[in-house]
Amino acid sequence: MRALISGIFLGLLATQAVAGEADVVKADVTPLSDGSFRFDVTVRHGDEGWDHYADAWEVLSEDGTVLGTRTLLHPHVDEQPFTRSLSGVRVPAGQSRVVVRARDSVHGYGGETVSVELPGR
């Protein structure tokens with residue numbers, strides 16, 4: 001019985017290791033007429049279903065302040081990488097660059113990030 005439990009536990013660890021962390025592959029920024037920005041962000045993650053999937057990405061100022069969060073409400077098992085958008089992100093005056101990072105439901109934040117220059121700044 002102990003061997004069976006150990007095998008199941010090791011199998012679960014291996015499953016978590018396969019999907020890894022969520023990585024931001026690309027981020028495009030568009031200035032909007034109201035002074036805010038639209039972000040089109042491409043994320044790659046080995047989504048495995050509801051137990052382990054990329055569940056959000058966020059835009060951060062260079063000092064780490066969260067400026068906007070896009071929650072991802074379902075796994076993208078058969079759509080990798082995938083792109084989702086977030087409009088209305090306000091970036092304080094004087095900041096010309098932001099960082100975009102992704103999160104997954106097992107590891108949290110920690111994969112590859114992208115630093116983006118804001119157009120017109």
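Values in this text are rule-based calculations from the coordinates and carry no lab data. Because the structure is a prediction, the values reported are computed rather than measured. Cβ atoms come from the backbone with ideal geometry, glycine included; neighbour counts cover every protein chain shown.
Every test in (1) free of Cβ contacts under 8 Å to residues at least 24 places away in the same chain; (2) over 28 Å from Gly120 (Cβ atoms) is passed by Pro75 save one, and that test is (1).
Residue by residue, here is whether (1) within 9 Å of the chain's Cα centre (by Cα); (2) surrounded by 15 or more Cβ atoms within 10 Å (Cβ to Cβ); (3) within 16 Å of Tyr109 (Cβ to Cβ); (4) of a type outside the set (Phe, Trp, Tyr) holds:
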position	(1), (2), (3), (4)
Val29	no, yes, no, yes
Arg44	yes, yes, yes, yes
Trp50	no, no, no, no
Arg70	yes, yes, yes, yes
Val77	no, no, no, yes
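Taking the listed residues Arg97, Arg121, Arg101, the one that is touching a residue at least 12 places away in the same chain (Cβ under 8 Å), of a type in the set (Lys, Arg), more than 15 Å from Arg44 (Cα to Cα) and touching a Leu at 6+ places or on another chain (Cβ under 7 Å) is Arg97, with no other qualifying.
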